[in-house]
1. Pairs under 8 Å by beta carbon, first residue within 19 Å of GLN55 (Cβ to Cβ) and open to solvent by less than 20 Å² (accessible area, probe 1.4 Å) in the stretch 177-198, partner of a type in the set (Lys, Arg) and in a loop (DSSP other than H, G, I, E, B), six or more apart or different chains?
2. Filter the stretch 143-188 for residues that are under 28 Å from MET59 (Cβ atoms) and in contact with a Pro (Cβ under 8 Å, 6 or more places away or on another chain); which is farthest from the ligand (Cβ to nearest atom)?
3. In the stretch 285-326, how many residues are touching a helix residue (DSSP H, G or I) at 6+ places or on another chain (Cβ under 6 Å) and loosely packed, with under 14 Cβ neighbours inside 10 Å?
4. Pairs please, first residue from the stretch 399-417 and more than 21 Å from TYR87 (Cβ to Cβ) and more than 11 Å from the ligand (Cβ to nearest atom), second anywhere and in a loop (DSSP other than H, G, I, E, B) and among the polar types (S, T, N, Q), Cβ atoms under 9 Å, 6+ apart in sequence or on different chains.
5. Would you confirm whether any residue within the stretch 199-215 is part of a loop (DSSP other than H, G, I, E, B) and open to solvent by 10 Å² or more (accessible area, probe 1.4 Å)?
6. Collect the residues in the stretch 261-275 that are of a type in the set (Phe, Trp, Tyr) and crowded, with 17+ Cβ neighbours inside 10 Å, keeping them in residue-number order.
7. Going by the conditions given, is LEU85 open to solvent by 20 Å² or more (accessible area, probe 1.4 Å) and of a type in the set (A, V, I, L, M, F, W, C)?
8. Regarding SER438, is this residue hydroxyl-bearing (Ser, Thr, Tyr) and farther than 19 Å from PRO466 by Cβ?
Amino acid sequence: MLLRASLVCVFIRNCHSLLDMKQMKFPKGFLWGTATSGHQIEGGNVSSDWWRWEQQGRMHGGAVSGQAVDYWNRYEEDHALMESLGYPVFRIGIEWARIEPEPGKFDREALAHYRDILQSLKNHGIKICLTLYHWVLPHWVAERGDWTNPETLRHFERYARYVINELITFPDLWVTVNEPMVAAIAGNLLAEHPPFRNTFRDYRQTAVSLLRVHAQCYAFIHDAARRAELKKPPRVGIANAYPVLVPWGSRGWKGFYEWSIARLGKYLACHVWDNAVDTGHARLLNGFRQIPGLRGSIDYCGINYYLRMSLRFDHSRRDRFFIDETGVPPGVRSTDTGWQIYPSGLYKAIHDVWNRFKKPVIITENGIADISDEQRPAYILEHLFCVYQALQSGIPVEGYFYWSFIDNFEWRKGFGPRFGLIAVDHRDHNLVRYPRPSAHLYSQIIRENAISEELIGTYAPELMGPFETILKSGNRGRAD
Ligand code: GCO
């Protein structure tokens, strides 16, 4: 009898491990979530610089954020939907322009409303990742020279201290600044974002200012957590963009020029910032002067990853250093926004930040503009496959936030690009929310904390070979 019972146990265990073998299991406690930003979803951010630029017609096709998806008023509905889909973490942003619409005048009602939003997330059992700066400023800060005015550092410090002290008990994770180098380059070198400038001096000043505010916020958050005697101190990071930049491959001097710009672009967009956080100073930007509190000021490495760009010489693009970055090489898949789908770039970004910082990694943004939802399942699986490969190589990737929870205001492109797991018809004033099929696929991945053979076979069959290979190497992704 005992022998039979033990044989049954062995059989069940083998079945379990066999079933297990057909899944790429993620570590226990892996932080699955979705991401958004305030201005892109809230609606009515009327005191911000972006709102003003929108009203001046500077967005493509005259787009304006308007009521966005009216998250400011419908957050409870969205959080209930998030909970019903089983999304455990939500990355959300605070808008400085709402907190301080006029210099020195803090809007306590706005802060109370943000507190209600965060409390609602807690009530729905959803952890919070809170972003303090996601590219948008109060219009009065922009009018006084934005980040190129040293006074802005003092103003931001006042705002950050206020918000951090008031809200310190809510977030499990903080993002101090979102894609600082995109803000510095798009807004000050390429004249693509507000304030639409194109001088190295403004790029440099903006980047140094953002390094300083990041270092300040890192210290403020940990100081506030100590004073609040939080049992589990929050973890603080930066959501940095790590695009893959490669030369198009033209012949002769054009090819060399493309290669040079790709290297320079990667340096200015990624390495300058990471070098500064790693060493405490930014030689190119600020000489050897140490930026107070900057060195090692991250508890995790936040990675925003989307695409590869192939840089092609184009003599007509004087405004963009004679480079066209929109080309898609033959045979490469691309998204509704024309971005190249290149999952292995995510593995490289994870590998690079781990090699440099040896800090846990969180994918703070990864997603696709895909109104048909036909490409999104494969996109998610292919990128999660690369996250799993990184886990297999021993890198502690601790979370993945899909961008975005809901269709939103995609900056200068307006509401055209649809990144959301939740679709919204912006032409319908009711802004009804419709979960796309991928929303349920993502729920299944989270529920199982794994990528199953079934999902790979259905949505990304070209991964089946690598899937079998990686599983044969042992399911090291799981920590349980
Ligand atoms: C970014 C921003 C997001 C974008 C998203 C899609 O990474 O550019 O953080 O606000 O909307 O990436 O482009």
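1. Listed by first residue and then by second, the contacts come to GLY187/ARG197; PRO194/ARG58.
2. Checking each candidate, the answer is HIS155.
3. Counting residues in the stretch 285-326 that are touching a helix residue (DSSP H, G or I) at 6+ places or on another chain (Cβ under 6 Å) and loosely packed, with under 14 Cβ neighbours inside 10 Å gives 0.
4. GLY414/SER65; PHE415/SER65; PHE415/ASN408; GLY416/THR337
5. For the stretch 199-215, residues part of a loop (DSSP other than H, G, I, E, B) and open to solvent by 10 Å² or more (accessible area, probe 1.4 Å): present.
6. Result: TRP273, single match.
7. Numbers: open to solvent by 20 Å² or more (accessible area, probe 1.4 Å): no; of a type in the set (A, V, I, L, M, F, W, C): yes.
No.
8. Numbers: hydroxyl-bearing (Ser, Thr, Tyr): yes; farther than 19 Å from PRO466 by Cβ: yes.
Yes.
The values are calculated or read from the model by the stated rules, or taken from the named source; none is laboratory data. This one's a predicted model, so the numbers in the text were calculated from it and none came from an experiment. Here the Cβ is made from the backbone with ideal geometry for all residues, glycine too, and neighbour counts use every protein chain on show. The area values use the complete protein model at the heavy-atom level, side chains included, leaving out ligands, DNA and RNA. Shrake-Rupley method; radii C 1.70, N 1.55, O 1.52, S 1.80 Å.
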